[in-house]
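Structure, as structure tokens:
Each reported figure results from applying straightforward, stated rules to the coordinates on display, with no laboratory input. Keep in mind the model is a prediction, meaning the values are calculated, not measured. Every residue, glycine as well, gets a Cβ built from its backbone with ideal geometry; the counts of neighbours run over all protein chains shown.
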Amino acid sequence: MPSEHTQRQLSTNKRVLVLVGPTAVGKTELAIRLAEKLEGEIVSADSRLLYRGMDIGTAKPSRSEMARFPHHMIDRAEPNEIWSLATFQQKILSTIDEIQRRGKLPIVAGGTGQYIRSLMEGWIIPTVQPDPRLREVLEQIGLEIGAAELHRRLSLIDPIATAKMDANNLRRSIRALEVIFTTGDLFSTQKDKQPPDLDFKLIGLTRPREEIYARVDARIEMMFEMGFVEEVKALLEKGYNQDLPTLSAIGYCEVIQYLHGEIKLEETKVQMRKKTREFIRRQANWFKPDDTTIEWHDMTPDPLNEILDSIKSWLKGVK
């Protein structure tokens, strides 16, 4: 008869647990608690956590949290190293495979819907070679009119693609336009799919919207108490260009404006709250309440035991 450890290896082979939900819903905390109960390792699917030195403004797990259980796909690149979606796909699949070979359960957690969907659905990213001249022109236009305006103009061409994109992600809008102009086809129609040979369990976490907003507001205040302004100043002093796509992330661009004396500190916080609320609404486009592939759980009251029961049934192959 197989040993208990062997049974654990068999039960977790090909299994991947995925936690999704809006910013500030509590994914990080729950992922750590589940890792403790399920011999799991945590894999970030958050595009902002990839970059070193961007800790406070991204609400990156603390060192003590990461010391409790292995965390992956965090601090993998410098702020001036831009990861494509294809690069993320390759790296996260490799990471998941390594975790499974150790007989552990990968627990993927993150709020970047595009990353989650590309992983689970196996998007085949368009193989359009970059056009340096076209990209240079698009970048210049983007810098002149701003990321949000470029995103708006892209929406006139391809509203399906922009509905799920961050309006402040200049690099993503430029890439979409580059693909459209090069191929003549809409960016939203170019994702062929080849799902990986993995068994995903997708758990969605929710809270009342006003409760999430209150948690966001508290998080923003905590960021400044922890030294967010000093973090951004340190990045600029290291020579990172303020126009880098990574530094256009919510919070970083506002603090840069504050450091340049363009806005007051309170206005910085107001803009962060406003943009985070907009981001939360866009996140909902990726994971809808009526999506039957998602098992939704409200975070109040604590759903840990209920979620654990469901996961254990899934690991045993019980429908």
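Short version: what are the Cα gyration tensor semi-axes of the chain, square root of 5 times each eigenvalue, largest first, in whole Å?
Equivalent ellipsoid of the chain: 33, 24, 18 Å, largest first.
Using only the Cα atoms of the range 132-190, build the gyration tensor, take square roots of its eigenvalues as a ≥ b ≥ c, and label the shape rounded, prolate or oblate: rounded if a/c is under 1.5, else prolate if a/b is larger than b/c, else oblate.
Judged from the Cα gyration tensor, the range 132-190 comes out oblate (a/c at least 1.5, b/c at or above a/b).
From the square roots a ≥ b ≥ c of the eigenvalues of the alpha-carbon gyration tensor of the range 165-287, which class results: rounded (a/c under 1.5), prolate (a/b over b/c), or oblate?
oblate
Nearest 20 debye, what's the magnitude of the dipole of the chain about its Cα centre given +1 on Lys and Arg Cβ and -1 on Asp and Glu Cβ?
Roughly 620 debye for the chain.
Leaving out same-chain residues fewer than 8 places away, which lysines sit with a Cα under 17 Å from that of Lys275?
Straight-distance partners of Lys275: Lys164, Lys264.
Using alpha carbon centroids, what distance separates the range 159-231 and the range 246-319, in Å?
10
Evaluate the distance, in nm, between pseudo-label points positioned 7 Å from the Cα of Leu143 and of Asp97 along their respective Cα→Cβ axes.
3.9
So, counting K/R as plus one and D/E as minus one, what does the shell of residues with Cβ under 13 Å around Ile96 add up to?
+1
Of Ser94, Leu49, Ala59, which is farthest along the charge dipole of the chain in the positive direction, counting Lys and Arg as +1 and Asp and Glu as -1 at C-beta?
Value: Ser94.
Need one word for the range 87-236: rounded, prolate or oblate. Basis is the Cα gyration tensor (sqrt eigenvalues a ≥ b ≥ c); a/c below 1.5 gives rounded, then a/b vs b/c decides.
Oblate.
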